[in-house]
Amino acid sequence: MDYSISFPNLGIYFEHVGKTLRIGNFEIAYYGIMIAVGMMLGITAVTARARETGQKPDDYVDIAVWTMLFAIIGARLYYVLFSWKEYRDDLLSVFNIREGGLAIYGGLIAGSITAVLMARRKKIPFPTVLDTCVIGVPIGQILGRWGNFFNREAFGTYTNGLLAMRLPVSAVRQDEITAEMWEHAAALGDVQYIQAHPTFLYEGIWNTCLLIVLFLLRNKTKFKGELFLIYLAGYGTGRFFIEMLRTDQLLIPGTAIPVSMVVSAGAVILSVILILKCRRGQSGGTGEGHSA
């Protein structure tokens, strides 16, 4: 198999990008490594935010660990639910996440439910938990998208634009190659290549910008929970448009409608409504931030 990844219009060529790291006779998927690093950096950011706002960092270590655990489970179940045809004949493959297959919205749903329960247990207001933990979410997402890079997944339709990514056909899932991509496929020697939008990169850049916005606004919100709603609106906006390009869309059963676009639109609308409503309710206040 050819393990190259290149961005020909940028003049960037990687001749060998492996999917796993071998230590002796043991192999660790880079996807898993990136997820693990993202989790550790996310927890570090959350505990730093807790310390900054006068809360107990140890409480948030507990909250983050349990939330991330169930977020991964939720992300996998969400993906399997909307890709059931791929797993119904091989149920054990449900437990194999080495090749990817985690859906962020499933993780957000399961993680939020877990956070509710942990907030009650720790006797911390749920909106406060959301605002404290949300700093760590885009960090995990950014690293997770680079896990997609190593797995050659989460790419988009054909493009010959500046950021076009070239991948060997043998290294990607065949059902994610569209007719247009086959039409523009090219052979170099005995290897056939496709070109695609690097949507993993688009989302990684978008999440980096979103992280910066959250960091700058962390002490300037008007009510508890606003920072999380800003994240939800920001992420949903970017994901809605990026999802249009992807070839591995999860569809609402019986339709050709990408479920992530529906969820993204709903998240943006709901978040904006809640922000406007709550800010209007705070208009008579002092204007101090309340996201601690």
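Values quoted throughout were computed directly from the atomic coordinates according to the rules given, and no laboratory measurement underlies them. Note that the coordinates shown come from a computational prediction; the quantities given were computed from them, not determined experimentally. So basically every Cβ, Gly included, is an ideal-geometry build from the backbone, and we count neighbours across all protein chains shown.
For the reader, a short list of remarks on this structure follows.
- Prolate is the label for segment 137-292. Its Cα gyration tensor axes, ordered a ≥ b ≥ c, give a/c of at least 1.5 and a/b above b/c.
- Spatial separation of Cα centroids for segment 99-138 and segment 232-269, in angstrom: 20 Å
- Mean Cβ neighbour count within 10 Å, used as a protection proxy, ranking 201-209, 138-146, 10-18, 66-74 highest first: 138-146, 66-74, 201-209, 10-18
- Scoring 84-93, 104-113, 53-62, 153-162 by mean Cβ neighbours within 10 Å over their residues and listing the highest first yields 104-113, 153-162, 53-62, 84-93.
- Footprinting exposure proxy ranking of Met34, Met244, fewest other C-beta atoms within 10 angstrom first, gives Met244, Met34.
- The overall shape of segment 27-97 is prolate: from the C-alpha gyration tensor, with semi-axes ordered a ≥ b ≥ c, the ratio a/c is 1.5 or greater and a/b exceeds b/c.
- For the chain: span of alpha carbons on each principal axis (Å, largest first): 68, 43, 41
- Assuming charge only on the beta carbon of Lys and Arg (+1) and of Asp and Glu (-1), the dipole of the chain about its Cα centre is about 1420 debye to the nearest 20.
- Taking every full run of DSSP H in the chain, the ones that stretch at least 18 Å from end to end by Cα along their long axis and average 0.0 or higher on the Kyte-Doolittle scale are 30-52, 57-81, 104-122, 136-151, 199-217, 226-243, 259-282.
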